Amino acid sequence: MSYLSSAIILASALFVVRSKNLIHSVLWLAMTLLGTAALYAQLDAPFLAGVQVLTYVGGVVTLMIFGVMVTRRHEGANAPSDHGEEDRGFIFATALFVLLALAIWKSPMALATPQPSPTTAQLAHALLDDYLIAFEVLSLLLLAAIVGAVVLARRRDPDPITGEEPAATTPTREVTP
Amino acid sequence: MSPVTLAVVATLAPAVAALVLLVVFPLRHRGAPAAWLTILGSVVSLAAALKLLVDRLGGAVDARATVPWILEKGHAMAELGVLVDGVSLPMLVIVCVVALCVQLFSVAYMHDEAPRAYGRYFTLHALFLFSMNVVVVSPNLLQLFAGWELVGLTSYLLIGFYFAKPSAAKAAVKAFWMTKLADMGFLFGLLILFVSTGSFEWTTQPSTLVATWVTAMLFVAVIGKSAQFPLHIWLPDAMEGPTPVSALLHAATMVAAGVFLVVRADPLFALAPATRDVMLWVGSITAVFAAFLALVQSDLKKVLAFSTSSQLGYMVAALGAGNAFAGFFHLGTHAFFKALLFLAAGSVIHAVHSNALSDMGGLRKKLPLTTAAFGIGALSLAGFPGFAGFFSKDLVLTSLEDKFHWVPWSLLMFSAFLTAFYMGRVLIKAFGGELSAKAEHAHEGGPAMTGPLVVLAVPALLSGFLGGWLATQVNASYHLHLGLTPVVATSMSLLGLGASYFVFRNGGTAPLAPTLERLDAFSLVDKTWSTGYQVGLLGVASLAGWFDRYVIDGLINFTGWSALEGGQRARTLQTGRVRDYALMVVAGIVVLTLIGVLR
Amino acid sequence: MTLTNCIVLAAALLCIGIYGLVTRTQAVAMLLSVELMANAANILFAAFGHFRGGPAGQVLVLFSLAITVAEVAVGLALVMLIYRRHGDTLLDLASEAKQ
């Protein structure tokens, strides 16, 4: 069962990075995240699985799709990189994986046994008790991110006095499709 | 004023003039004000020198004042100051008189120069007089060396006065190189002296070995400065400078500085008989050799240049014979009559616009005063009885006779014959015979030119009678007695003049004349030097140049190239593409992981 | 599902994410690759939490999720900005415009 979810995760992740169509990539990402949620469930973390589905699949992926839709000009806009670069990326990624696998294989972690998982109530206590400060800091971070994102993405208003469009909104460079 | 103050004034007056002209450049660029300021400085110098002389005649004694120089941990390594004694005072007067005459002469002679060049010329003259006076009054060898180098510098600048003319620029560089090469000797001599005695005084008493080395090194400098064989080759080329410059620097004063140095350092030379023997021979050979060369020159100034070299050979020979006074006396008389000769030659050149003897002829009809002046100078140089050169030359020859140096004595006697012969030749070719084409419109150069001639003609005639007085000043004995030397010398002189008359009287048509004209041994020495220069110095220079170009520059270039190349390579890393940066990050991770795994 | 399996899975996911990050030119696609890598980290947290016991692992995953969401929000805002400036979201074009 867990191997199935692992396979789903890896396969859909590969599709995410290889798919020519951005929308497909995002959908494959949703698949990966769902697989991860299933993995969480198998790791005795049902609350995590639920949050994963809700925030990731429900929030992040939706956001991504919006982003793609808003910024997309034409289908297949993913300008293909040349083969040299793909090879380079492949070599580096493979090398890293081999090295990591080697490190894992050399470590004694294989002998670890599963421990009893905390209940959701325990989790809530930990979150709002032991890790309260981190929790609050995180809420601040989210607030800052939201404000920042709004500031970045908002369309500049015309200058109230001169009526000129702000310079930043005019493309500095003509792009020929 | 005290003698010290007067000597300082005499030394510094031209320096002030030169400094003012250097700093206040509009004065220099205007030309005429520079001339008058320089002459004013010279007049002040001469007045101070004459006052010193008068005081001296009134019984004043030697004066010396110094200030510490080059302080090292509170201890002065050397001294700077003035010394007024029987050697420096007559020399000071001679230098100032000749310099003033030459400067006055130059006012007219250089009149056609552009104002800037005119100003530059006189500024250099003021600088020269200062430098020469520094040499003359210096109380020790170090200050003398400083002045020595300064006159070398002004000599270089004045020879190269017409620096736009390639031959002048080349001559200046040649003179500079030759004298600098010799000046290395001075420097080494100073170093040896200081290391072994801790002093730059010429009154120190080092061991014979040290004295020999020091004097030998000093003599090398003398060979260069006083144009002795085999370093004499720069002097004829130095005639590229304006004629008054030749009169002052390359006849009367600067080239005589070498002789002056030996006279000054006589106590040291007295300790080194070996050096004196060498000097005797070098001087004698130079006297004959240069006289031969003077015989065959077709350029009036070059005749005089070689004759200067020859006469300096006399002085050096006298010094080598141990009679410093004889050398000094000849130096004094020579300064007057050779300056006179050069200025008269300048007057001639000014009149006919040419240096070549062949362009001259019959000038006695057009330039009577110049002819008279040149005649006096020539007869004095030839040692005609009664003229200044007669007395001093006899003294030189007598000093050799006294020491029984018969071979150098014969050489100098022969040289005396040659001197009379070539001066007779010049006299006949330039002033006798028919009027040449170029001399048609010749005329005297006005009072500014003839005045100095008249002034200098007096000592050229009469300074020989001052020998007795000069001898008392330097504590030497002086008495002319009718012996072998005066008789032979006089007959040589008359014989030379007569022979030249017979050979050249009909415009140089006698069978001997063309043969003599073709005899040009000078070029041999010059060629030897230039070959040595090319093979030796240029060889080393090209080797050094190669090393510099390919090894030093190569290293520099490699550094630059590697930085550039490295930059070019590194630039490709900075593609500005996010992916490439990400790749770099990944590469870093891979490397770190690798390290972690391998540990 | 042993711990080793989980870690290997996370490593593979990370490498796939890296591969995507390095090879894709679209800003959104690169963001997706970053998401994959973040997901790999989350898997590790959960796995270690599971084999260690206690709530710490799951709490860290929750925090990580929040941070990822913030990152996606800011990243997408940047993508919008790039798009508005250059009419496209190819990051290469953005870097060329910089020169």
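The values are calculated or read from the model by the stated rules, or taken from the named source; none is laboratory data. Note that this is a predicted model, so its numbers are computed, not measured. Cβ placement follows ideal geometry from the backbone for every residue including glycine, while neighbour counts extend to all protein chains displayed.
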From the list C:L14, C:L3, exactly one residue is under 20 Å from A:L33 (Cα atoms) and at pLDDT 90 or above. Which is it? C:L14
Within segment B:56-68, is there a residue that is of a type outside the set (F, W, Y), part of a helix (DSSP H, G or I) and at pLDDT 85 or above? no
From (1) in contact with a helix residue (DSSP H, G or I) (Cβ under 6 Å, 6 or more places away or on another chain); (2) closer than 21 Å to B:V316 by Cβ, pick out the condition that doesn't hold for B:S410. (1)
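One line per residue, one yes/no per condition, for (1) touching a helix residue (DSSP H, G or I) at 6+ places or on another chain (Cβ under 7 Å); (2) modelled with pLDDT of 85 or more; (3) among the acidic types (D, E); (4) assigned to a loop (DSSP other than H, G, I, E, B):
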site: A:N78; (1), (2), (3), (4): yes, no, no, yes
site: A:E85; (1), (2), (3), (4): yes, no, yes, no
site: A:G89; (1), (2), (3), (4): yes, no, no, no
site: A:L100; (1), (2), (3), (4): yes, yes, no, no
site: A:Q115; (1), (2), (3), (4): yes, no, no, yes
site: A:A121; (1), (2), (3), (4): no, yes, no, no
Taking the residues in segment B:438-473 that are small (G, A, S) and part of a loop (DSSP other than H, G, I, E, B) as candidates, determine which candidate is surrounded by the fewest Cβ atoms within 10 Å (Cβ to Cβ). B:G446
Checking the conditions here, which among A:L39, A:L29, A:L14, A:L33 is over 30 Å from A:D87 (Cα atoms) and at pLDDT 90 or above? A:L39
Would you confirm, using the coordinates I've provided, whether B:F200 is part of a loop (DSSP other than H, G, I, E, B), under 30 Å from B:V16 (Cβ atoms) and either touching a strand residue (DSSP E or B) at 6+ places or on another chain (Cβ under 7 Å) or not acidic (D, E) (or both)? yes
Just to be sure I understand the filter: pairs with C-beta atoms under 8 Å, separated by 6 or more residues or on different chains, first member in segment B:572-599 and under 20 Å from C:V28 (Cα atoms), second member part of a loop (DSSP other than H, G, I, E, B) and among the β-branched types (V, I, T). Which pairs pass? B:R579/C:T25
Residues that are over 48 Å from the mean Cα position of the chain (by Cα) and not hydroxyl-bearing (S, T, Y), drawn from segment B:553-570: B:W561, B:A563, B:L564, B:E565, B:G566, B:G567, B:Q568, B:R569, B:A570
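Collect the residues in segment A:142-169 that are in a helix (DSSP H, G or I), hydrophobic (A, V, I, L, M, F, W, C) and either modelled with pLDDT under 65 or farther than 14 Å from C:Y83 by Cα (or both), keeping them in residue-number order.
Within segment A:142-169, A:L142, A:L143, A:A144, A:A145, A:I146, A:V147, A:A149, A:V150, A:V151, A:A167, A:A168 qualify.
Residues being more than 7 Å from chain A (Cβ to nearest Cβ) and either under 30 Å from A:N21 (Cβ atoms) or surrounded by fewer than 24 Cβ atoms within 10 Å (Cβ to Cβ) (or both): count how many of those fall in segment C:43-56.
Step one: of segment C:43-56, the residues more than 7 Å from chain A (Cβ to nearest Cβ) are C:44-45, C:48-49, C:56.
If we keep only those that are either under 30 Å from A:N21 (Cβ atoms) or surrounded by fewer than 24 Cβ atoms within 10 Å (Cβ to Cβ) (or both) too, we end up with C:44-45, C:48, C:56.
Qualifying residue count, segment C:43-56: 4.
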Looking at B:G224, B:G189, which is the one that is assigned to a helix (DSSP H, G or I), more than 15 Å from the chain's Cα centre (by Cα) and closer than 25 Å to B:P273 by Cα? B:G189
Scan segment A:102-124 and give yes if some residue there is under 30 Å from A:G67 (Cα atoms) and more than 7 Å from every other protein chain (Cβ to nearest Cβ), otherwise no. no
Kindly indicate whether A:V51 is at the interface with chain C (Cβ under 7 Å from one of its Cβ atoms), under 30 Å from C:G87 (Cβ atoms) and modelled with pLDDT of 85 or more. no
Of all residues in segment C:7-42, which are buried (at least 22 other Cβ atoms within 10 Å of the Cβ), assigned to a helix (DSSP H, G or I) and touching a residue at least 40 places away in the same chain (Cβ under 8 Å)? C:I7, C:A27, C:V28, C:M30, C:L31
Just give me the residues in segment C:69-81 being more than 7 Å from chain A (Cβ to nearest Cβ) and either among the hydroxyl-bearing types (S, T, Y) or surrounded by fewer than 20 Cβ atoms within 10 Å (Cβ to Cβ) (or both), in sequence order. C:E71
Report, ordered by the first and then the second residue, all pairs with beta carbons closer than 7 Å, sequence separation of six or more or different chains, a first member in segment A:91-117 that is touching a residue at least 24 places away in the same chain (Cβ under 8 Å), and a second member that is assigned to a helix (DSSP H, G or I). A:P114/C:H50; A:P114/C:F51; A:S117/C:H50
What's the total number of residues in segment B:565-590 that are among the hydrophobic types (A, V, I, L, M, F, W, C) and away from chain C (no Cβ under 14 Å)? 1
In segment B:76-113, which residue that is of a type in the set (G, A, S) and farther than 30 Å from B:F194 by Cβ is surrounded by the fewest Cβ atoms within 10 Å (Cβ to Cβ)? B:A108
Suppose we filter C:V34, C:V61 for residues that are at the interface with chain A (Cβ under 7 Å from one of its Cβ atoms) and not small (G, A, S); which single one remains? C:V61
